[in-house]
1. Note down the magnitude of the dipole of the chain about its Cα centre, charges +1 on Lys and Arg C-beta and -1 on Asp and Glu C-beta and zero elsewhere, to the nearest 20 debye.
2. Choose one answer from A103, A19, A40: the residue with the largest mean-square fluctuation in a GNM of the chain with alpha-carbon springs under 10 Å.
3. Once fully extended, how much extra length lies between D12 and N124, figured as 0.36 nm per residue of separation less the alpha-carbon to alpha-carbon distance?
4. Quick check: residue separation of K67 and E99 times 0.36 nm, minus the Cα distance between them. What number comes out in nm?
5. Helix 84-100 sits at what angle to the longest principal axis of the chain, using alpha carbons and giving 0 to 90 degrees rounded to 10?
6. How much length is gained on full extension from E109 to K49, taking 0.36 nm per residue of separation minus their Cα-Cα distance?
7. Pick from P76, P30, P61: which residue has the top mean-square fluctuation in a GNM of the chain where Cα pairs under 10 Å get a spring?
8. Suppose the Debye formula is applied to equal point scatterers at every Cα of the chain; what is log10 I(q)/I(0) at q = 0.11, 0.13, 0.16 Å⁻¹?
Amino acid sequence: MSQQTPYQLLGDAGIRKLADAFYEEMDAQPQAETIRAMHAANLDLIKDKLYEYLSGWMGGPPIYSEKYGTVCLTDPHKPYPIGPDERDQWLACMDGALERIDASEELKEMLKGPMYQVADIIRNRDTSEPIVQDPNSIPLTNL
């Protein structure tokens, strides 16, 4: 017997619920404050994009790539300092979202490694320490 894809286990409505629950977790988890600040106040557009991405990534219709072309996760995240702490905040939100939608243990186990890989690919720093800018490198304008 062949293993079902995450999309087959959740269905389209389940993928939508997962995307919505992910951002509900981001709003609810105090430890996710850093990554929440990287998003607009209104999360409707990004919820849709996550749903579209997850649909194809989990074995369903490739909505995101049909709509936007190539799926490159690193480019849209380049402007944001994403280190290990931010990666782990993202994973905590996804774990919480899977709990919120009552995902099966089979699905959670199936997604654990791949979700870590996705979150780690987006990481663009080795540390989560704040970026300290040399005050002498800041252009003096409006003087």
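1. On the way: 13 positive and 24 negative charges, 73 e Å.
Dipole about the Cα centre, nearest 20: 360 debye.
2. Its mean-square fluctuation being the largest, the pick is A40.
3. 37.2 nm
4. Details: separation 32, 0.36 × 32 = 11.52 nm, distance 2.93 nm.
The span from K67 to E99 would gain 8.6 nm if fully extended.
5. Compared with the principal axis, the helix lies near 30 degrees.
6. Details: separation 60, 0.36 × 60 = 21.60 nm, distance 2.39 nm.
Taking E109 through K49 to full extension adds about 19.2 nm, to one decimal.
7. Of the options given, P76 has the highest mean-square fluctuation.
8. Rounded to two decimals, the profile gives -0.46, -0.62, -0.89.
Read the figures in this text as sums done on the coordinates, not as results from a lab. All values reported here derive from a predicted model rather than from experimental measurement. Cβ coordinates were reconstructed from backbone atoms using ideal geometry, including for glycine residues, and neighbour counts include every protein chain displayed.
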